[in-house]
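K.L.:
Sharing a structure here in structure tokens format.
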Amino acid sequence: HTFRDIMSKIEEDLDITKEEITYLLKTESKNEIEAIFQTADQMRKEIVGDVVEIRGAIEFSNHCKKNCNYCGIRRGCTVPKRYRMEEEEIMEVIHQLHSWGIKTVILQSGEDDYYTTEILVKLIRRIKRETKMMITLSIGERSFTDYETLREAGANNFLLKIETTNKDIFKFIHPDDDFDERLKCSKGLRQLGYVNGSGNMIGLPGQRPEDIAEDILFFKDMAIHMIGIGPFIPAKGTPFELYPQGSVEMTLRAVAITRLVCKNVFLPATTALASIDPDGQTKALQAGANTIMLISTPAKYRSNYQIYSNKNMIDLQSAFRAVKESGRKLPKYLKISPEEVQ
Ligand code: 5AD
Ligand code: SF4
């Protein structure tokens, strides 16, 4: 029987094929679907444990020189206000996260050349000096030398999503990007010793389960450590605003299968998922995910970082709720308790 063969290959840690992953993505058997989720949850428990890792994300600039067709802050979009946070302002947020005991900060922005390597190096050094926090950069494509300088300054992780491994879809959704260049960046980051993050969107125009299977194999082959999997959400004012949204079910299934195939990885319960389903994070945590990113962008800027419409606000309160509802544990390093944020 196909399904049992595939699942025992997974349990024995044998290589799994694109066709087999596709089968898991496509099956409509209730029992099989349930077994996929249960096995993923079990594997998450055995490999990374019950603690949900909580990280803070600061969206420090919504300026972007690129025009990705799906994105609400693409250069062609009129956003209420373009903003850039200065070092002082970023540090204020960092210190708050640090006071809560949070250990990792994600510095995220559009592709904004205002932040030269020099400016970023200064910021990274200061964060390290004042807090020793782990730093994840999510600032898009830069040169190998830039990545190297940022790594030497102290950046630990880098999140650069491939979005899709289907080259035709990649080209269709990215008017200014080249698949091979994106791949080259990702390989460069790995070579430089970054903890390498990637991810994809589920429900992109023309995307089939076969493509998602290919994405999952890509994460495995590239030894990606953090994999952000979110549904595509149409963003107002973009060329893709009328395309249908990706499905919650398919996204959860992709999360679960990624856990089964990639095993020891960080899988965030993504903001995108929480934005289209109020219980999205809880469901993801029960389907193999083990990380939550708090959106820690100052309130006055948040509404200007709408990469898709109706983006949800993941704060401490909603993170605590998802951890509780999924029956999981808060990290011991947290210095703030659910009672304090009521
Ligand atoms: N739907 C879902 N995710 C999106 N992102 C950007 N726009 C959208 C959208 N419309 C995600 C992409 C990108 C990050 C900036 O946000 O995965 O990597
Ligand atoms: Fe810019 Fe990233 Fe949005 Fe593309 S997805 S337009 S690079 S912020």
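K.L.:
Is the C-alpha gyration tensor of segment 268-327 telling us rounded, prolate or oblate? Criteria: a/c under 1.5 is rounded; beyond that, a/b larger than b/c is prolate, otherwise oblate.
P.N.:
prolate
K.L.:
Which of 131, 154, 165 sits farthest toward the positive end of the charge dipole of segment 2-335, with +1 on the Cβ of Lys and Arg and -1 on the Cβ of Asp and Glu?
P.N.:
Of the candidates, 131 comes out farthest on the positive side.
K.L.:
Would you list the P(r) distribution for the chain, with all Cα-Cα distances sorted into 20 Å bins from 0 and each bin expressed as a whole %?
P.N.:
Taking every Cα pair in the chain, the percentages come to 31, 61, 7, 0.
K.L.:
Which of rounded, prolate, oblate describes segment 204-256, given a ≥ b ≥ c as roots of the alpha-carbon gyration tensor eigenvalues and a/c under 1.5 marking rounded, otherwise prolate only if a/b is larger than b/c?
P.N.:
Since a/c reaches 1.5 and a/b is larger than b/c, the shape of segment 204-256 is classed as prolate.
K.L.:
May I pose another question? Report, in whole Å, the centroid distance computed from the Cα atoms of segment 35-83 and segment 233-310.
P.N.:
6 Å
K.L.:
Continuing with the same structure: In the chain, what cysteines have no partner Cβ closer than 4.7 Å?
P.N.:
When partners are defined as cysteine Cβ atoms under 4.7 Å apart, the chain leaves 64, 77, 185, 262 without one.
K.L.:
Now, a different point. I need to check one value: relative contact order of the chain, counting alpha carbon pairs closer than 8 Å and at least 6 residues apart, in percent.
P.N.:
The normalised contact order for the chain reaches 24 percent.
K.L.:
Given the options 183, 267, 204, which has the most mean-square fluctuation in a GNM of the chain, springs set between C-alpha atoms less than 10 angstrom apart?
P.N.:
Residue with maximal mean-square fluctuation among 183, 267, 204: 183.
K.L.:
Taking amide H atoms as placed 1.01 Å from N in the peptide plane, list the residues 5 or more away in sequence, or in a different chain, whose amide H sits under 5 Å from that of residue 294.
P.N.:
55, 56, 57
K.L.:
In the chain, with Lys and Arg counted as +1 and Asp and Glu as -1 at Cβ, which of these residues, 330, 261, 23, has the Cα nearest the positive end of the dipole, that is, farthest along it?
P.N.:
After comparing all options, I get 330.
K.L.:
With each run of n ≥ 4 DSSP H residues scored as -39500 (n - 2.57), what mean residue ellipticity at 222 nm is computed for the chain after dividing by its residue count and rounding to the nearest 500 deg cm²/dmol?
P.N.:
Per the formula, -13000 deg cm²/dmol.
K.L.:
Now for a separate question. Is the C-alpha gyration tensor of segment 216-306 telling us rounded, prolate or oblate? Criteria: a/c under 1.5 is rounded; beyond that, a/b larger than b/c is prolate, otherwise oblate.
P.N.:
Prolate, because a/c is 1.5 or more and a/b exceeds b/c.
K.L.:
Please state the charge dipole magnitude for segment 2-335, taken about the Cα centre, from unit charges on C-beta atoms (+1 on K and R, -1 on D and E), reported in debye and rounded to the nearest 20.
P.N.:
1040 debye
K.L.:
Let me know the charge dipole size of segment 66-199 about its Cα centre in debye, to the nearest 20, where only the beta-carbon of Lys, Arg (+1) and Asp, Glu (-1) is charged.
P.N.:
I would put it at about 340 debye.
K.L.:
Given a Förster radius of 35 Å and the C-beta distance between residue 26 and residue 146 as r, what FRET efficiency does 1/(1 + (r/R0)^6) yield to the nearest 0.05?
P.N.:
So the FRET efficiency works out to roughly 0.30.
K.L.:
Over the chain, with a Gaussian network built from C-alpha contacts below 10 Å, which listed residue (246, 237, 49) shows the highest mean-square fluctuation?
P.N.:
Of the options given, 49 has the highest mean-square fluctuation.
K.L.:
Mind scanning 167/187; 9/30; 132/329; 9/311; 45/171; 26/161 and naming the pairs with a C-alpha gap bigger than 29 Å?
P.N.:
Exceeds cut-off: 9/311; 45/171.
K.L.:
A follow-up question, please. Could you check the spin-label model distance between residue 242 and residue 116? Points 7 Å from the Cα along Cα→Cβ, value in nm.
P.N.:
4.5 nm
K.L.:
Separate question: Within 10 Å, at most 13 other Cβ atoms, and a DSSP state outside H, G, I, E, B define an exposed site. Report the longest part of the chain free of exposed GluC sites (Glu not before Pro).
P.N.:
87-342
K.L.:
Who wins for biggest fluctuation among 277, 211, 176 in a Gaussian network model of the chain, springs between alpha carbons below 10 Å?
P.N.:
Between 277, 211, 176, it is 176 that shows the largest mean-square fluctuation.
Bear in mind these aren't lab numbers, they're just calculated from the coordinates by the rules spelled out. Given the structure is predicted, the values throughout are model-derived calculations rather than measurements. When we count neighbours, we look across all protein chains shown, and the Cβ atoms used for this are built from the backbone with ideal geometry, even at glycine.
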